[in-house]
Amino acid sequence: MLLNLTILPGDGIGPEVTAQAVLVLQAAADAFGHQLRLQSKNIGGAALAAANDPLPPDTIQACLASSAVLMGAVGSPAFDHNPTHLRPEAGLLRLRRELGAFANLRPAVCFAALVDASPLRAQVVCGTDILIVRELLGGLYFGAPRSIEGTAGSRVAINTMRYGESEIERIARVAFELARKRRKKVLSVDKANVLECSRLWREVVTCVAKDYPDVKLAHQYVDSAAMLLVQRPTDFDVVLTENMFGDILSDQAGGVVGSLGLLASASIGGKVGLYEPVHGSAPDIAGKGIANPLGAILSAAMMLRHSFGLEPEAACIEKAVSSVLEEGYRTADLAGATGSAVSTSVMGQRVAEAVKVSRSLPQ
Ligand code: IPM
Ligand code: MG
């Protein structure tokens, strides 16, 4: 198969981790007889620096003309004081919208080898396997009006949380469909005791659930879900939630399983799928060669699965990641104070090697 991809390295550690994801993808493509066609484009701060636009037209065109997009990260303190539309993050939000990527899948799995990397006790975290299904094109991120108005000292800021029934229904269906392939549980997370958006959310999700009688639906307020996520993470299967709650809970889930650096994501449902690690640009460690590339590598695996239907290839990369962790390789975020850590590129090379080795063994 020809895999026609746009690569968006972006800012901070984005280019470093993306390079390793591409290395592993190349190894998988070679091993399974696929051909990669890659073009790299600017997004975020890198694009602002080059063309004063966080999502230049040629980036959008390239993404729309490819079969999938692999992104690193956006965000740079250099643009912290820019107006909203000229911030690096605005480029990513526009890209998600241009691609129609309304469904953001964020798995948080506790790798057996990493039980001790979690701040939680082993018996609490062991076996955690969560899939956060985050609505990605609605809510506070995109609602209008939005502004900061007035004069210094008496300014007022406004954001709008807005959800339509059809937006809730389509993301709910994604969650229920995915739950069917897992442990058949959906936890819908909202704040229905306070927010109208959440009351509508709960109503629509409850209605959609009638089409999935084999899936068990429960509802939880977001504050209480946040607590349960650290108390009993193994109780969670599919978590269905709106944009902002999903952003917050997915970082928390990263902490639960040992490091945000491990978390991958797929943003799907539109014309072209977008794949990116959940961690941000981490400017404090950028360029040091210590970032964890596994979130980016696992995002590449999600791409093979969701955009190309290449399940054995995706599973091969995921198995390679597990086996490298079993062998004891750790980046700094996972190594703890006493353990020894490998660099970003050594971790990537180890995974690429493990992909090659697993394919050369008799199947
Ligand atoms: C994420 C990030 C983004 C988000 C930022 C960079 C806009 O935090 O993907 O979780 O809030 O969606
Ligand atoms: Mg986030």
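Observations
- Restricting PHE102, PHE111, PHE142, PHE79 to those that are closer than 28 Å to VAL324 by Cβ and either out of contact with any His (no Cβ under 8 Å at 6 or more places or on another chain) or β-branched (Val, Ile, Thr) (or both) reduces the list to PHE111.
- Taking residues in the range 338-356 that are assigned by TED's automatic domain parsing to the domain that holds ASN292, and partners anywhere that are among the aromatic types (Phe, Trp, Tyr), the pairs with Cβ atoms closer than 8 Å and at least 6 places apart or on different chains are VAL342/TYR329; VAL346/TYR329; MET347/TYR329; ARG350/TYR329.
- Of all residues in the range 125-183 being among the basic types (Lys, Arg) and part of a helix (DSSP H, G or I), the one that is farthest from LEU249 (Cα to Cα): ARG180
- Contacts under 8 angstrom Cβ, first residue in the range 163-184 being buried (at least 21 other Cβ atoms within 10 Å of the Cβ), partner part of a loop (DSSP other than H, G, I, E, B) and among the β-branched types (Val, Ile, Thr), 6 or more apart: PHE176/VAL215; ALA179/VAL215
- Those residues of the range 226-243 which are touching a residue at least 24 places away in the same chain (Cβ under 8 Å), under 16 Å from VAL256 (Cβ atoms) and either surrounded by fewer than 21 Cβ atoms within 10 Å (Cβ to Cβ) or among the acidic types (Asp, Glu) (or both), in sequence order: ALA226, VAL230, GLN231, ARG232, THR234, ASP237
- Checking every residue in the range 44-65 against the condition of being in contact with a strand residue (DSSP E or B) (Cβ under 8 Å, 6 or more places away or on another chain) and part of a strand (DSSP E or B) gives zero matches.
- Tally, over the range 95-116, of residues that are assigned to a helix (DSSP H, G or I), in contact with a Leu (Cβ under 8 Å, 6 or more places away or on another chain) and not assigned by TED's automatic domain parsing to the domain that holds ALA300: 2
- Only one of the numbered conditions (1) assigned to a helix (DSSP H, G or I); (2) within 15 Å of ligand 2 (Cβ to nearest atom) is not met by SER267, and that is (1).
- Residue, farthest from ALA320 (Cα to Cα), within the range 1-37, restricted to residues that are buried (at least 24 other Cβ atoms within 10 Å of the Cβ) and among the charged types (D, E, K, R): ASP11
- Subset tally (residues that are buried (at least 23 other Cβ atoms within 10 Å of the Cβ) and either more than 30 Å from LEU36 (Cβ to Cβ) or within 9 Å of ligand 1 (Cβ to nearest atom) (or both)) for the range 92-118: 4
- Failed item, numbered, when ASP53 is tested on (1) under 23 Å from the mean Cα position of the chain (by Cα); (2) surrounded by fewer than 23 Cβ atoms within 10 Å (Cβ to Cβ): (1)
- Qualifying residue in the range 227-244 (condition: of a type in the set (A, V, I, L, M, F, W, C) and under 16 Å from GLY138 (Cα atoms)): yes
- Residue in the range 270-280 that is nearest to ligand 2 (Cβ to nearest atom), counting only those that are over 16 Å from THR18 (Cα atoms) and in contact with a Gly (Cβ under 6 Å, 6 or more places away or on another chain): GLY270
- For GLY273, the requirement of being over 14 Å from ARG96 (Cα atoms), in the same structural domain as LEU325 (by TED's automatic domain parsing) and in contact (Cβ under 8 Å) with a residue 60 or more places away in the chain is not met.
Okay, residues lined up against (1) assigned to a helix (DSSP H, G or I); (2) closer than 22 Å to MET161 by Cβ; (3) touching an Asp or Glu at 6+ places or on another chain (Cβ under 7 Å):
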residue	(1), (2), (3)
VAL186	no, yes, no
ARG199	yes, yes, no
ASP211	no, no, no
ALA225	yes, yes, no
MET244	yes, yes, no
ILE248	yes, yes, no
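- Options GLY289, GLY258: the member that is crowded, with 20+ Cβ neighbours inside 10 Å, on the phi > 0 side of the Ramachandran plot, more than 11 Å from ligand 1 (Cβ to nearest atom) and assigned to a loop (DSSP other than H, G, I, E, B): GLY258
- Scanning the range 304-363 for residues that are closer than 30 Å to MET1 by Cα, surrounded by fewer than 18 Cβ atoms within 10 Å (Cβ to Cβ) and of a type in the set (Val, Ile, Thr) yields VAL346, VAL357.
The values are calculated or read from the model by the stated rules, or taken from the named source; none is laboratory data. This is a predicted model, so every value here is computed, not measured. Cβ: placed from backbone, ideal geometry, glycine included. Neighbour counts: every protein chain shown.
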